[in-house]
């Protein structure tokens, strides 16, 4: 085991031999400390704000994100926007799922739209009606990013189900 770090830089007093007791003296008895009472109607403010967030705060889950949409398809090509990330937040999408309950669309893709680009993170071809297609993922969406599903080869009035699950955290 390695020795402890240099203790001379510590704030406070620590004995070099832990078996020794350090005498503690009271510089001012508590009876001599005077506290002025607050004026009537004065609010006692105890709220403090962190100057910088702790690592645990950066990763703390604020709320679960459960996005769901059922759309009746138009013939051919359909795209569904499940949601847009709020300002000063991040969404971490941990899984997506989709299915068509009647016919067999030719493909479905899940994409992140960031205003200019569409980033594909899920693609399934050869869709069979009533089969559920899922993917476990770890996709981080920035503020104002959109999560979209693109369905190709649909029959009119087919119910298309698109889902995403994850959680929301604050963006610092």
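Every number in this text was worked out from the coordinates using simple rules, so none of it is lab data. All figures in this text were calculated on a predicted structure; none of them were measured in a lab. As a convention, Cβ positions derive from the backbone with ideal geometry for all residues, glycine included, and neighbour counts pool all protein chains shown.
Here are the numbers for the structure shown:
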| quantity | calculated |
| --- | --- |
| Matching entry among 156, 170, 164, 97 (being in contact with a helix residue (DSSP H, G or I) (Cβ under 8 Å, 6 or more places away or on another chain) and at negative phi) | 170 |
| Residue 153 closer than 13 Å to residue 91 by Cα and in a strand (DSSP E or B) | no |
| Residue in the range 108-133 that is farthest from the chain's Cα centre (by Cα), counting only those that are surrounded by fewer than 14 Cβ atoms within 10 Å (Cβ to Cβ) and in a strand (DSSP E or B) | 125 |
| Test: residue in the range 134-146 that is closer than 11 Å to residue 98 by Cα, in a strand (DSSP E or B) and touching a strand residue (DSSP E or B) at 6+ places or on another chain (Cβ under 8 Å) | yes |
| Answer residue from the range 69-82, given it is buried (at least 17 other Cβ atoms within 10 Å of the Cβ) and not in a loop (DSSP other than H, G, I, E, B) and is farthest from the chain's Cα centre (by Cα) among those | 78 |
